[in-house]
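Written out below as structure tokens is the structure these notes cover.
The values are calculated or read from the model by the stated rules, or taken from the named source; none is laboratory data. Note that this is a predicted model, so its numbers are computed, not measured. In this analysis, Cβ positions are derived from the backbone assuming ideal geometry, glycine residues included, and neighbour counts consider all displayed protein chains.
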Amino acid sequence: MILFDFDYERADTLEQAVALLARLQGDARALAGGTDLLPGMRMENIRPGLLVSLSGIEPEAPQVLADGSIRIDALTRLATLENSELVRRVVPMLAQSAHVVGGNQIRQMGTLGGNLCQEVRCLHLDQKHDYQFVAPCYKRGGTCCYPFPRNAPEVCWSVYMSDIAPALIALNAQVEILGETGTRRIDVEALFTGNGLKPLALSQAELLRAVLIPAAAPGFTWGFHKSTVRGGLEFGMAVLAVALQLAEDGRTCTDARIVVGAVREGPVRPVAAERSLIGKTLDEERMEQAAADTSRVVNPLPHHGFSKRHLMDNIRVHLRRTLARALQRARDQEAGR
Amino acid sequence: MSELNYVGKSVKRKDGPDKVTGKAVYTQDVRLPNTLIGRILRSPHPHARILRIDTSRARALPGVKAVITVEDTKGIKHGFVETPRYPPDQEVLARGKVVHVGEEIAALAAVDQITAQKALGLIDIEWEILPAVFEPEDAMRPGAPEIHPNHPKAPREFANIGGTTETQWGDIEKGFAESDYVREDRFECQLRTHGYLEPHVTLAHWESDKLNVWTSSMGVFVKRAKLAKVLDLPYSSVRIHKTYVGGTFGGKIDLYSHEYCASRLSMITGRPVQITASREEIFSAYRHAQPLILEIKTGVKKDGTLVAQRIRAINNAGAFRGSGVVVIFLAWGFTMIPYRIPNLKYEGFSVYTNHTVRAPQRGHGAPKVRFAIESQMDMIAEALGIDPITIRMRNAREPGEQLPNGDNTHRGGLAACVALAAEKSDFLAKVGRDRASPPKGTLRRGIGIGASAYMGGTLIYPNGSAVIVKMNDDGSAIVLTGAIDIGQGSETVISQIVAEELSIGMDDVKIISSDTDTTPQDIGAWISGMTYVTGNAARQAAGRAREKLLQVASEKMGAEVENLVLKDKMVYHRLNPELKMSYREVIAASVATHRGDTIIGEGFWRTMRDEPTHPSLATTKGRWTENYAFSAQVAEVEVDIETGEARLVKALTVHDCGFPINPQLVKGQVDGQISMALGHAFMEEVLTKDGYTLNPNWLDYRMPTIHNMAISEDADVITEQYRVGQPYRTKEVGEGLISGILAAMGNAVYDATGVRLYSTPFSAEKILAGLRALEYAAKKVRSASKAPA
């Protein structure tokens, strides 16, 4: 139950929503699926004076544009994403990443934009503060950090746990952002600041309008993995997304994008590990090395009871397997052709 | 007559349709006009003195109808255990100091949730923070922060001892001296919780001289006794009403502060007061299970025969006595039941720490004890070159064995369960296979076995159950029973017994249950005895009604009772089926010719009917039960040796529940326990730091989902039977089966990987660390063997 008073408005258009958000100067929040916002309000980590509901705005169906890229409305429900025939065919990694979010009830409500704009997570933060961890931490505008007491005031080592963001970054996707002055377009990667206190590069009156994913070139292949304890209804220990571009021989890598999610304040790209694959034949040894380098470079934050060492072990093994599966997928497709 | 129509059949649950269609009324569904919302102010500190409480600002807030602190109570203490040795130790609200985070300090009633929340923030408290202690071995050390004074009979060299259990038999030193092989190990378990889906919730309504209470519980008569006591009311002034209950698993037995607070606030305001605990409160302020540390030294002969065992159990009992002193008593029992141990010494310590109070949780210590003993059993077997089945068969209790406490295994026994489990799982063919010849890839299969035993219906308040069966004049029956159906199916089982005894249909039996004013006293659903104790009382009550029916029919039909048979609400003459009477006719005749007797049967039962006393928690002396259930369980697990990720693939449970009155309900218990045990093994842990709970929600406290459930097979070893008109013996089946399988999973992980786990959960991290240690050891051996001579 949310135990404070707030106002509620329903926007008919995204423009109207942006105008309402702008007027309230930070005291208003947009409500899409509510699966992240409402628990945050219940725990009183956020206490907006106004909720601007987007539930009256019908999302456009996913569409393939003239250049072969795909445009997906930010208000698209995760269940729609995972079940859309078009999305599954054109961007299967996105469908896969939507499928592993929460449970079915969450996916029926949660939206693509909401998933990307979710708050960072920390065990000390994600609960009511009636008698536990009462003094606000840095994230809640206070003067302490419970899990890392020696952290400086500007450092919040919470983790950003979207399953979908790593997939979109691997896919080199962009987001269309609507603000008071109109629309701007940035890489999904640029949406994340890496700062746990303010994880998103959005102003108060900005809303995600759509996600654009470029068309896959021939030789494209992908791999995705979410490490969990029970295999569902949970956030990941680590989320791994891999996009590879292979030469005609099917073994030489011409481009690689690797993204690790859920272990830092935002998704992380191990650029050096990516480069170590480009122009090289992808054999076991090279993939193993890239995975090991990644687990080191990513430097995972211990979170949700998992130690740094264990997260590094997990990333190392599962990233190697994810790369190998991507390669295998390319071979299977080749064989199936 | 010997053929049974209802008992032994998987008849449909009585409560099923109402539950699946949402018609079942749970406490939260009960609505009374003008109900106030109650909230509780809880301690933000693990250990602190309360210097001053000022509730005046909260009282002054419009919409707040009452605020109470300990000054508004009668100061009467309560406890899970209330004996001369262990007098009640807990007040309903904190007095002078708090001893755990979330401890109840004050309570208030307001017109709505938002007002109540605001009012809580207006209560001012001045604190003096005290040093706190969280690990039992730290708390035991002299000089540790004193949570409560040592128990007067506890050894002087320790601190914070809430209670001890000590017992021995044989000559432990002689036993070790005579042993061919002795080993000593230490095992630990994580903090787990019950995971009942229905939260704690209480609605109380004071009606000038009667307190009406609806509360989610496991036994209404225990609740009434404790609530009446702390309110200083006669039992007749407190009525606990029936509601459906959405799961308990041991976590809703004792009196909880919110039950008192809702009642007291209703008495003060004259309005109904409802208090519902949030899930966060349940995780961070309510009671969890008890993490035990077990140190076990065991001596055996070369052939694996147990000669001596010394066990030291240390319980992290939390901030009050709770059931902490019970679990250290029970831990002894879970040690001595399954195997013959000629020389044993046991000592258990229940240690206060600044954690929340502890409660029983399904198995009440057994999973931890059996995990430790069964793990060590496998280690001993391996050291001696014996297989896991042989060592268990060599030591397993047989039928008719006398136990050290004077109890008898009767027709039960572990040996038959172990033998059948080994056979059905093809254990000896599978064990050691993947380690002997590792398959390609990173997945390894392992198999393990664990054994357990559990008592049923042990004497504890209110000790006995009574049942009344009233015949309606159409021949159907109303059963009055205090038994509470917490999901285990007691109403279905009782109906089956009554239908069988009276030869009427299941639909002819209607149950009025678990209401302290209208139903007779009952032991409650928390000592694994309801099917045996209340069931036998129901059998006896229905049997008495049947005898009356037969008597009246015999008079009217001019036939000997021996020549009458009952079938489908009719009485027939055995030799002349034309000679018959319907129950309707018999009952009418009874009213007409037996001074208005409408035919009511009464029954009552208790475990060990001729033993007046309880066993001693301190010395273990005194008999326990006549119903020991034995079980052997086999787990097959799969471990990824690169990631350490492990899962239960298949479980086999061979148990002796006497006989199943409803096989499908028994199967439900088996599957539920497998699921709960695999949560214990691989997923669940209440994470705490300095007494604060880090994961007080379903998201971060991971219980298994249906997708984690393994194949669960089971087999009954039938040792008893049911005869109409005869007492019967059923045995525990609802909590003991969570234990052997936990140990079996640990042993199976070892079988798959060579990694021996000394603590639960069997996390990927621990398994990987174990694999690394093995690799390191192997490298050392290799490099040593390469060294020049």
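Among what's in segment A:300-321 and is assigned to a loop (DSSP other than H, G, I, E, B) and touching a helix residue (DSSP H, G or I) at 6+ places or on another chain (Cβ under 8 Å), pick the residue that is nearest to A:Arg257 (Cα to Cα).
Checked segment A:300-321; the qualifying residue nearest to A:Arg257 (Cα to Cα) is A:Pro300.
Scan segment B:497-524 for residues that are of a type in the set (S, T, N, Q) and within 15 Å of B:Lys567 (Cα to Cα) and jot them down.
First, the residues of segment B:497-524 that are of a type in the set (S, T, N, Q): B:503, B:513-514, B:516, B:518-519, B:521.
B:Ser503, the sole residue that qualifies.
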Subject >> Selection count, segment B:113-137, where residues are within 13 Å of chain A (Cβ to nearest Cβ) and either outside any loop (DSSP other than H, G, I, E, B) or of a type in the set (A, V, I, L, M) (or both) >> reply: 11
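Could you list, in sequence order, all residues of segment A:65-76 that are surrounded by fewer than 21 Cβ atoms within 10 Å (Cβ to Cβ) and under 22 Å from the mean Cα position of the chain (by Cα)?
Across segment A:65-76, the qualifying residues are A:Ser69, A:Arg71.
Looking for something in a loop (DSSP other than H, G, I, E, B) and under 30 Å from B:Gly219 (Cα atoms) - is there at least one such residue anywhere in segment B:564-587? If you could, list the steps in order and put the result at the bottom.
First, pick out the residues of segment B:564-587 that are in a loop (DSSP other than H, G, I, E, B): B:568-569, B:574-579.
Subset that is under 30 Å from B:Gly219 (Cα atoms): none.
The answer is no; no qualifying residue exists.
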Original post:
Identify, please: which residue in segment A:272-307 is of a type in the set (D, E, K, R) and away from chain B (no Cβ under 14 Å) and is, among those, surrounded by the fewest Cβ atoms within 10 Å (Cβ to Cβ)?
Top reply: A:Glu285
Original post:
If you take the residues of segment B:560-575 that are out of contact with any helix residue (DSSP H, G or I) (no Cβ under 8 Å at 6 or more places or on another chain) and within 16 Å of B:Gly543 (Cα to Cα), which of them is surrounded by the most Cβ atoms within 10 Å (Cβ to Cβ)?
Top reply: B:Val565
**OP:** Determine whether B:Ile282 is more than 14 Å from chain A (Cβ to nearest Cβ), modelled with pLDDT of 95 or more, surrounded by fewer than 24 Cβ atoms within 10 Å (Cβ to Cβ) and within 30 Å of B:Phe334 (Cβ to Cβ).
**Re:** no
Original post:
Within segment B:685-696, which residues are buried (at least 24 other Cβ atoms within 10 Å of the Cβ), in a loop (DSSP other than H, G, I, E, B) and at negative phi?
Top reply: B:Leu694, B:Pro696
Original post:
For segment B:741-775, what are the residues that are touching a helix residue (DSSP H, G or I) at 6+ places or on another chain (Cβ under 8 Å), small (Gly, Ala, Ser) and more than 14 Å from chain A (Cβ to nearest Cβ)?
Top reply: B:Ala743, B:Ala744, B:Gly746, B:Ala752, B:Gly754, B:Ser759
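Please determine, by comparing only the residues of segment A:2-24 that are within 14 Å of chain B (Cβ to nearest Cβ) and more than 27 Å from the chain's Cα centre (by Cα), which one is surrounded by the fewest Cβ atoms within 10 Å (Cβ to Cβ). Let's see the steps before the verdict.
Initially, segment A:2-24 is screened for residues within 14 Å of chain B (Cβ to nearest Cβ), giving A:2-6.
Narrowing the set further to residues that are more than 27 Å from the chain's Cα centre (by Cα) leaves A:3-6.
Values: A:Leu3: 18, A:Phe4: 12, A:Asp5: 8, A:Phe6: 14.
For segment A:2-24, the residue satisfying everything is A:Asp5.
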Subject >> For B:Val781: the one exception among (1) touching a residue at least 12 places away in the same chain (Cβ under 8 Å); (2) under 30 Å from B:Leu428 (Cβ atoms); (3) in a helix (DSSP H, G or I) >> reply: (1)
**OP:** For A:Ser162, state whether it is under 28 Å from A:Gly103 (Cβ atoms), touching a residue at least 24 places away in the same chain (Cβ under 8 Å) and in contact with a Lys or Arg (Cβ under 7 Å, 6 or more places away or on another chain).
**Re:** no
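Taking the conditions exactly as written (modelled with pLDDT of 95 or more, out of contact with any His (no Cβ under 7 Å at 6 or more places or on another chain) and in a strand (DSSP E or B)), does B:Gly299 satisfy them or not?
Working: modelled with pLDDT of 95 or more: yes; out of contact with any His (no Cβ under 7 Å at 6 or more places or on another chain): yes; in a strand (DSSP E or B): yes.
For B:Gly299, the condition - modelled with pLDDT of 95 or more, out of contact with any His (no Cβ under 7 Å at 6 or more places or on another chain) and in a strand (DSSP E or B) - is met.
Check every one of the helices (runs of 4 or more DSSP H) wholly within segment A:1-105 and list those with 3 or more residues that are out of contact with any helix residue (DSSP H, G or I) (no Cβ under 7 Å at 6 or more places or on another chain).
Counting at least 3 such residues, we get A:14-24, A:37-42, A:85-90.
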Original post:
So, in segment B:697-709, of the ones that are assigned to a loop (DSSP other than H, G, I, E, B) and more than 7 Å from every other protein chain (Cβ to nearest Cβ), which residue ends up farthest from B:Glu135 (Cα to Cα)?
Top reply: B:Met709
Original post:
Mind checking whether some residue in segment B:654-671 is surrounded by 18 or more Cβ atoms within 10 Å (Cβ to Cβ), within 14 Å of another protein chain (Cβ to nearest Cβ), of a type in the set (S, T, N, Q) and closer than 20 Å to B:Gly734 by Cα?
Top reply: no
Original post:
For segment B:243-279, which residues satisfy the criterion of being surrounded by 22 or more Cβ atoms within 10 Å (Cβ to Cβ) and part of a helix (DSSP H, G or I)?
Top reply: B:Ser257, B:His258, B:Glu259, B:Tyr260, B:Cys261, B:Ala262, B:Ser263, B:Arg264, B:Leu265, B:Ser266
Subject >> Cβ pairs under 6 Å, 6+ apart, first in segment B:176-197 and in a loop (DSSP other than H, G, I, E, B), second among the hydroxyl-bearing types (Ser, Thr, Tyr) >> reply: B:Cys189/B:Thr760; B:Gln190/B:Thr760; B:Tyr196/B:Thr248
**OP:** Check A:Ala324 against each of (1) aliphatic (A, V, I, L, M); (2) under 21 Å from A:Gly194 (Cβ atoms); (3) assigned to a helix (DSSP H, G or I) and name the one condition it does not meet.
**Re:** (2)
Subject >> Criterion violated by A:Trp157 - all others in (1) assigned to a strand (DSSP E or B); (2) in contact (Cβ under 8 Å) with a residue 24 or more places away in the chain; (3) out of contact with any helix residue (DSSP H, G or I) (no Cβ under 8 Å at 6 or more places or on another chain) satisfied >> reply: (1)
**OP:** Return a yes/no flag: does segment B:205-214 have any residue that is among the hydrophobic types (A, V, I, L, M, F, W, C) and either under 23 Å from B:Ala372 (Cβ atoms) or in contact with a Pro (Cβ under 6 Å, 6 or more places away or on another chain) (or both).
**Re:** no
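Just to be sure before I move on: is B:Val101 in a loop (DSSP other than H, G, I, E, B), within 14 Å of chain A (Cβ to nearest Cβ) and in contact with a helix residue (DSSP H, G or I) (Cβ under 9 Å, 6 or more places away or on another chain) in the structure I sent? Give the steps one after another, and end with the answer.
Numbers: in a loop (DSSP other than H, G, I, E, B): yes; within 14 Å of chain A (Cβ to nearest Cβ): yes; in contact with a helix residue (DSSP H, G or I) (Cβ under 9 Å, 6 or more places away or on another chain): yes.
For B:Val101, the condition - in a loop (DSSP other than H, G, I, E, B), within 14 Å of chain A (Cβ to nearest Cβ) and in contact with a helix residue (DSSP H, G or I) (Cβ under 9 Å, 6 or more places away or on another chain) - is met.
Return the residue satisfying two criteria in turn: it lies in segment A:209-249 and is within 14 Å of chain B (Cβ to nearest Cβ) and charged (D, E, K, R), and of such residues it is farthest from A:Gly103 (Cα to Cα). Explain how you work it out, then say what you get.
Quick first cut of segment A:209-249, residues within 14 Å of chain B (Cβ to nearest Cβ) only: A:225-238, A:240.
Retained after the next criterion (residues that are charged (D, E, K, R)): A:226, A:230, A:234.
Numbers: A:Lys226: 14, A:Arg230: 12, A:Glu234: 8 Å.
Within segment A:209-249, the match that is farthest from A:Gly103 (Cα to Cα) is A:Lys226.
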**OP:** Output the number of residues of segment B:635-650 satisfying the condition of being within 21 Å of B:Ser739 (Cα to Cα), within 13 Å of chain A (Cβ to nearest Cβ) and crowded, with 23+ Cβ neighbours inside 10 Å.
**Re:** 2
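For segment A:141-157, give me each residue that is among the hydroxyl-bearing types (Ser, Thr, Tyr) and in contact with a strand residue (DSSP E or B) (Cβ under 9 Å, 6 or more places away or on another chain).
A:Tyr146 - this is the single residue of segment A:141-157 that is among the hydroxyl-bearing types (Ser, Thr, Tyr) and in contact with a strand residue (DSSP E or B) (Cβ under 9 Å, 6 or more places away or on another chain).
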**OP:** Being more than 14 Å from chain B (Cβ to nearest Cβ) and surrounded by fewer than 21 Cβ atoms within 10 Å (Cβ to Cβ) is the filter; apply it to segment A:98-138 and report the residue that is farthest from A:Leu207 (Cα to Cα).
**Re:** A:Gln108
Original post:
Can you name the number of the only condition in (1) among the hydroxyl-bearing types (Ser, Thr, Tyr); (2) outside any helix (DSSP H, G or I); (3) more than 19 Å from B:Gly482 (Cα to Cα) that B:Thr519 fails?
Top reply: (3)
